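Before any comments, here is the structure.
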Amino acid sequence: MSATPRGATAVTIVGAGPVGTLLALLLAAGGRHVRVLERRADPRSGAAERGRSINLALAARGLAALARAGVLERVQPELVAMRGRQLHDRDGRGPLLPYGLRPEEVIYAVDRARLNTALIEAAAAVPLIELQFGRRAIDVDPATGRVSWQDAAGNAGANESSDTVIGADGAGSALRNALQNRGALQATEDPLAHDYKELHIPPAAGGGWPLEPHALHIWPRGGYMLIALPNPDRSFTATLFLPSLGAGGFEALTDSTAARAFFAREFPDALALIPDFDVQFAAHPQGKLGTLYCWPWQVQRVLLVGDAAHAIVPFHGQGLNCGFEDCVLLAELLERESDCQAACAQFEHLRRPNTDAIAAMAIENYQEMRDTVLAPGFAARRQLALDLEQRYPGRFIPRYSMVMFHAEIPYAEAQRRGALQSGVIDALLASGAGADSALAARLLDESAL
Ligand SMILES: Cc1cc2nc3c(=O)[nH]c(=O)nc-3n(C[C@H](O)[C@H](O)[C@H](O)COP(=O)(O)OP(=O)(O)OC[C@H]3O[C@@H](n4cnc5c(N)ncnc54)[C@H](O)[C@@H]3O)c2cc1C
């Protein structure tokens, strides 16, 4: 394929979600013309369809990508720092478990819609980016890079050919479906047997915080859990994760009365903070979760990124962080490599081991959040991991910290080192030895950590 001429309309991105918009900013910073098609109305007009009010945890990888695109300062007012997990037992009590050893080891809550709007505002100010709202992509020709779309009135159209088309249109990607329908890729979703529902906790009477603001609150209950993340207006967004079926699942919460009784039993302190619980529970949708496996991500001129390529369950708080990391790598490769298809192939080759790793770690983390944090051995295990990190800085870093605070450690490496470290902790706990012991030193050497 010929070299991409700088300054030409070379890239079409489908989806102005957070990933598509950040990618547009990074590519434009490298001198490319970028056209972005988005099915929703322009959120700046206030006419946008109301999406799910997901509030997310942003960590080092996401923050590094925002800084790289020069928009971190713009989104900073939307961020609320969370220093650790505040656990709640049935009496509303529990410890605050700091995420890391150092004060800078914090993660940040942000509302996805507000983050997205901030990115769209930044993109709209860049002359090389052309934003087209109200255009729902329905098909793509991978040989020509021509994207067909429909507007809200049902009018159909197609964009002129593009050297490169990026599908950043989320977990339900229309581009992925179009390529799958052509037999050009295979995609399967591994659904989680648990669904989620969001509930809004308003600020306290008088305008204060209803809960400790700088924490991610968790009500772990074994097979399910409630969590809550802070918003800058001193409200919280709570999310209930529960099996979809069965007597202990959403299926059994047939009406607000059943739901209220369930909350009164399991999460009484949270229920007390939601005055309009019945209305919210009845009105808010029950969302589905799952892991998407898709192969390949690249078909001729088309490449899938973000959730369109590798949607994951949200329990490590990494789906968007990972999508943002995609953007940085792809922009770098497109910058370096004049052959766009070669750059996209390299992207897939380099990125897939890492997205596979975070997909697996995200599923494992659900177990930890809803269950393991309650187990008798969890506190001892966690303390030993932190002691080892203190004793061997840089050599032993808890896996959670590698994923959340160490953007320089690829996910696959965090998974690999995490498994070795877990073996070291098992052996130390079994022998009763601590982080300062000779055994710890020997085990770290033997594991080449
Ligand atoms: C409950 C929950 C909690 C989560 N928590 C976290 C967290 O704490 N941390 C984290 O990092 N991630 C989290 N995630 C994951 C995160 O939301 C996603 O990874 C992220 O939104 C993916 O961004 P994206 O831009 O790839 O896709 P999306 O955000 O889905 O954006 C896709 C965009 O494409 C547009 N679009 C769709 N179809 C078309 C079409 N046919 N034509 C044109 N445009 C189209 C959509 O309107 C949208 O604007 C969570 C997800 C859920 C469900």
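Things worth noting here:
- Rounded, prolate or oblate (a/c below 1.5 giving rounded, otherwise prolate when a/b exceeds b/c) for region 140-239 by Cα gyration tensor: prolate
- For ASP139, the residues whose amide H sits under 5 Å from its own are SER148, ignoring neighbours fewer than 5 places away on the same chain, with H placed 1.01 Å from N.
- Helix 319-336 vs. the chain, principal-axis angle (Cα, 0 to 90°, nearest 10): 40 degrees
- Extension gain, HIS284-ARG182: 0.36 nm per intervening residue step, less the Cα-Cα distance, totals 33.1 nm.
- Near ALA187: Cβ cut-off under 15 Å, other residues only, Lys/Arg at +1 and Asp/Glu at -1. The net charge is -3.
- Accessible-area rank, largest first, for LEU79, LEU226: LEU79, LEU226, with all protein chains present and a 1.4 angstrom probe.
- Shown for region 95-177: the carbon plus sulfur share of the solvent-accessible area, taken with all protein chains present and a 1.4 angstrom probe, equals 49%.
- Kirkwood radius for region 376-446, taken over all pairs of different Cα atoms as the inverse mean of 1/r, rounds to 12.2 Å.
- Start at zero, step by 20 Å, and the Cα-Cα distances of the chain spread as 24, 54, 21, 1 percent across the bins.
- Helix 112-124 axis, angle to the chain major axis (alpha carbon atoms, nearest 10°): 30 degrees
- Scattering profile of region 91-163 at q = 0.16, 0.18 Å⁻¹ [log10 I(q)/I(0), Debye over alpha-carbon scatterers]: -0.81, -0.92
- Summed residue charge, Cβ within 9 Å of ASN159's Cβ, Lys/Arg positive, Asp/Glu negative: +2
- Phi-derived couplings, Karplus 6.51 cos²θ - 1.76 cosθ + 1.60 at θ = phi - 60°, listed residue by residue for region 374-384: 8, 5, x, x, 5, 4, 5, 5, 5, 5, 5 Hz, with x used for Gly and Pro.
- For q = 0.18, 0.22, 0.24 Å⁻¹, Debye-computed log10 I/I(0) when each Cα of region 194-283 counts as one equal scatterer: -0.77, -1.11, -1.30
- Region 258-359 - Rg and Dmax from Cα coordinates, angstrom: 20.3, 61
- Calculated FRET efficiency, GLU251 to GLN367, Cβ-Cβ distance, R0 = 22 Å: about 0.50 to the nearest 0.05.
- Within the chain: Cβ-based charge dipole about Cα centre, in debye rounded to nearest 20 (Lys, Arg +1; Asp, Glu -1): 140 debye
- When the chain is described by a simple charge dipole with +1 on each Lys and Arg Cβ and -1 on each Asp and Glu Cβ, the residue from GLY145, VAL34, PRO230 located farthest towards its positive end is VAL34.
- For region 6-117, alpha-carbon Rg relative to the globular expectation (2.2 N^0.38 Å, N residues): 1.35
- Among TYR366, GLY290, PRO103 - extreme Cα towards positive end, dipole of the chain, charges at beta-carbon: PRO103
- Amide H partners (placed H, <5 Å) of LEU242, local residues excluded: ASP195
- Each residue of region 69-75 is assigned a 3J(HN,Hα), and the resulting list reads 7, x, 10, 4, 4, 5, 8 Hz, derived from the Karplus form 6.51 cos²θ - 1.76 cosθ + 1.60 (θ = phi - 60°), x at Gly and Pro.
- Phi angles of region 275-288 translate, via the Karplus equation with coefficients 6.51, -1.76, 1.60 and θ = phi - 60°, into HN-Hα couplings of x, 9, 3, 4, 5, 4, 4, 6, 8, 7, x, 9, x, 9 Hz per residue; Gly and Pro are given as x.
- Relative to the current alpha-carbon distance between ARG265 and GLU335, full extension at 0.36 nm per residue lengthens the span by 19.6 nm.
- Region 194-283 - percent of accessible surface contributed by carbon and sulfur, probe 1.4 Å: 60 percent
- Surface composition of region 284-414: carbon and sulfur make up 55 percent of the accessible area, probe 1.4 Å.
- Accessible area per residue for the chain, computed on protein heavy atoms with a 1.4 Å probe, is 41 Å².
- Nonlocal amide H pairs with ALA215, under 5 Å, H built at 1.01 Å: ARG83
- Charge sum, other residues only, whose C-beta stays under 13 Å from ILE409's C-beta, Lys/Arg counted +1 and Asp/Glu -1: +2
The values are calculated or read from the model by the stated rules, or taken from the named source; none is laboratory data. Note that the structure is a prediction, hence the values are computed from the model and not measured. With ideal geometry, Cβ positions are generated from the backbone for all residues, glycine too; neighbour counts draw on all protein chains shown. These area figures cover heavy atoms from the full protein model, side chains too; ligands, DNA and RNA do not enter into them. Shrake-Rupley method; radii C 1.70, N 1.55, O 1.52, S 1.80 Å.
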